[in-house]
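No value in this document is a laboratory result; all are computed from the given coordinates. Keep in mind that this is a model prediction, so the values were computed, not measured. In this analysis, Cβ positions are derived from the backbone assuming ideal geometry, glycine residues included, and neighbour counts consider all displayed protein chains.
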């Protein structure tokens, strides 16, 4: 499952540079699938809809850092554990129960993001 950042976030920014998928954004910043990935052209999102990889999307959060579930792989294929959670000083990077995925699904997502 994806990781989410809870309301306890103190906006320290420690998590953002640790994400191998560039799935973490500062509050209020638009996101795109192409940011920090090798994806070009059309990309199918988790809900089945498609988007252009370079298309900018509305921020998921405005007041705190946030994680884009469509890009989060829990660091599978990169690290032993989610790096955002490992470096967070207030333990606000937690599993997001809305996005349950198996390790195989997370690894498949990683491969789609980094061809």
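Points worth noting:
- Spin-label model distance (nm) - residue 11 vs residue 91, 7 Å beyond Cα toward Cβ: 2.4 nm
- Each Cα pair under 8 Å and six or more residues apart adds its sequence gap; the mean of these over the residue count of the chain is a relative contact order of 40 percent.
- Ratio of the Cα radius of gyration of the stretch 1-65 to 2.2 N^0.38 Å, where N counts its residues: 1.16
- All alpha carbon pair distances within the chain were sorted into 10 Å bins beginning at 0; the resulting P(r) in whole percents reads 15, 50, 32, 3.
- CD proxy at 222 nm, helix term only [per DSSP H run n ≥ 4: -39500 (n - 2.57); per residue of the chain; nearest 500]: -3500 deg cm²/dmol
- Euclidean distance of C-alpha centroids, the stretch 6-70 and the stretch 85-115, integer Å: 12 Å
- Cα long-axis angle, helix 103-113 against the chain (0 to 90 degrees, to the nearest 10): 70 degrees
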